[in-house]
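The values are calculated or read from the model by the stated rules, or taken from the named source; none is laboratory data. Just so it is clear, the structure is predicted and the values come from calculations on it, not from any experiment. Because the Cβ atoms are built from the backbone with ideal geometry, glycine has one as well, and the counts that use them run over all protein chains shown. Accessible surface is based on the protein model in full, side chains and every heavy atom, while ligands, DNA and RNA are left aside. Shrake-Rupley method; radii C 1.70, N 1.55, O 1.52, S 1.80 Å.
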Number of protein chains: 2
Amino acid sequence: MPGPGLPPADELTELTLSLFRVNNLMLAWGDRMVAPLGLTSARWQALGAIVAAERPQPVAWLARDLGANRQNVQRIVNDLEGEGLVSFAPNPHHKRAQLVMLTPKGREAYDAAIARYRPRAEALAAGFSADELATARQVLQALRLRLEADAD
Amino acid sequence: MPGPGLPPADELTELTLSLFRVNNLMLAWGDRMVAPLGLTSARWQALGAIVAAERPQPVAWLARDLGANRQNVQRIVNDLEGEGLVSFAPNPHHKRAQLVMLTPKGREAYDAAIARYRPRAEALAAGFSADELATARQVLQALRLRLEADAD
DNA sequence: TCCATATTGACATGATCATGTCAAATAAGC
DNA sequence: GCTTATTTGACATGATCATGTCAATATGGA
């Protein structure tokens with residue numbers, strides 16, 4: 001029996017401090033993992049947002065999905081376009097807001113990143129019970145909703 | 001009964017994506033909270049590291065405690081020193097590595113930040129059970145240990 | 001003591017991010 | 001239709017971060 005533990009507010013403080021550290025460590029972990037593919041964590045995330053969308057979307061929509069700045073996503077997508085990983089298609093509904101699409105080369109890079117990621121993610125998740133991971137995810141998702149509402 | 005849920009690796013993926021979002025939201029939340037005090041999340045964290053250390057430490061030690069870059073912490077601490085929130089004291093063991101100490105003004109700023117933080121943290125933690133928060137914290141701390149070991 | 005190594009703060013540089021502005025294009029209200 | 005507000009990409013600027021280098025200092029081993 002671990003005892004009563006900390007008060008909720010202190011527990012949240014410790015959670016937050018760990019969150020900051022894990023965030024940085026995870027980004028560095030991802031960077032090392034996809035560096036051989038010419039990717040970074042940020043580029044990988046952008047590719048993921050493009051894949052996750054059923055239909056090609058303009059950059060501003062991808063930025064919203066990512067919770068990131070429009071301008072930064074624009075820069076990343078432009079870089080990816082310069083390297084042939086994504087291409088721009090005309091948008092019938094908007095002359096300036098082109099649609100971002102994966103090229104075959106971009107699809108290959110994304111699939112290669114996933115292939116490198118999966119076994120490492122399984123190793124990293126090993127040792128945790130399904131309940132523990134699910135609870136941690138649910139807490140973070142609930143925090144996200146509250147913070148987003150608070151930031152209105 | 002929520003059912004079997006996702007495979008552990010996918011659960012970790014969702015956890016990670018939520019983590020990135022919450023990290024950014026929490027930093028913005030903290031920035032808004034301590035802005036009236038002339039602080040930022042980064043400055044507040046630096047002050048916290050100074051307070052958390054029992055003895056005054058050089059900047060490089062604080063950076064290690066924070067898991068941050070030596071150079072960035074140095075810049076932040078220099079800024080804090082310029083505004084009179086911290087002061088440098090001679091280090092008997094090292095002529096160049098001065099010891100960072102809170103000034104009374106810095107202590108006031110830190111206490112004021114905590115005073116603003118506590119009720120908001122309690123409100124943010126409300127609705128979670130102690131077990132949920134503790135589990136989330138433990139998962140993140142375990143992830144941190146694994147990622148730090150992996151980054152060696 | 002002497003020398004190799006590690007630590008520390010200062011400095012420089014490029015990358016990334018946050019923010020604001022602008023013009024073009026679209027959407028909504030009257 | 002016409003006017004106004006919103007969206008979108010391009011651009012600029014400053015802040016922050018990541019990284020490397022350097023000289024001064026401290027530490028440990030021979």
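Screening A:LEU39 against (1) free of Cβ contacts under 8 Å to residues at least 12 places away in the same chain; (2) outside any helix (DSSP H, G or I) leaves a single unmet condition, (1). Would it be correct to say that B:ARG107 is more than 14 Å from DNA strand D (Cβ to nearest atom), within 13 Å of another protein chain (Cβ to nearest Cβ) and not in a loop (DSSP other than H, G, I, E, B)? No: the conditions fail for B:ARG107.
Looking only at the stretch B:57-77, filter to residues that are assigned to a loop (DSSP other than H, G, I, E, B) and open to solvent by less than 60 Å² (accessible area, probe 1.4 Å); which one of those is farthest from DNA strand C (Cβ to nearest atom)?
For the stretch B:57-77, the residue satisfying everything is B:GLY67.
From the list B:ALA53, B:ALA109, B:ALA126, B:ALA121, the one residue that fits, being among the small types (Gly, Ala, Ser) and within 16 Å of DNA strand C (Cβ to nearest atom), is B:ALA53. If you go through the stretch A:33-48 and keep only what is among the aliphatic types (A, V, I, L, M) and in contact with a Phe, Trp or Tyr (Cβ under 9 Å, 6 or more places away or on another chain), you end up with A:MET33, A:VAL34, A:LEU37, A:LEU39, A:LEU47.
For the stretch B:22-34, indicate whether the set of residues that are within 13 Å of the chain's Cα centre (by Cα), of a type in the set (Asp, Glu) and either within 13 Å of DNA strand C (Cβ to nearest atom) or not in a helix (DSSP H, G or I) (or both) is non-empty. Among the residues of the stretch B:22-34, at least one is within 13 Å of the chain's Cα centre (by Cα), of a type in the set (Asp, Glu) and either within 13 Å of DNA strand C (Cβ to nearest atom) or not in a helix (DSSP H, G or I) (or both), which makes the answer yes. With respect to (1) more than 14 Å from every other protein chain (Cβ to nearest Cβ); (2) within 8 Å of DNA strand C (Cβ to nearest atom), the lone exception for B:PRO90 is condition (2). Considering only residues that are within 8 Å of DNA strand D (Cβ to nearest atom) and either in contact (Cβ under 8 Å) with a residue 12 or more places away in the chain or open to solvent by 80 Å² or more (accessible area, probe 1.4 Å) (or both), which ones fall in the stretch A:78-98? Result: A:ASN91, A:HIS94, A:ARG96, A:ALA97, A:GLN98.
Take the residues in the stretch B:111-144 that are open to solvent by 40 Å² or more (accessible area, probe 1.4 Å) and in contact (Cβ under 8 Å) with a residue 40 or more places away in the chain, then tell me which one is nearest to the other protein chains (Cβ to nearest Cβ). Filtering first and then ranking leaves B:ARG120.
Going through (1) in a helix (DSSP H, G or I); (2) closer than 23 Å to B:SER41 by Cβ one by one, B:ALA149 falls short only on (2). Would you point out the residue of the stretch B:42-56, among those that are touching a residue at least 12 places away in the same chain (Cβ under 8 Å) and more than 15 Å from DNA strand D (Cβ to nearest atom), that is most open to solvent (accessible area, probe 1.4 Å)? That would be B:ALA52. Within the stretch B:25-41, being open to solvent by 50 Å² or more (accessible area, probe 1.4 Å) and within 12 Å of DNA strand D (Cβ to nearest atom) holds for B:LEU27, B:ASP31, B:ALA35, B:THR40.
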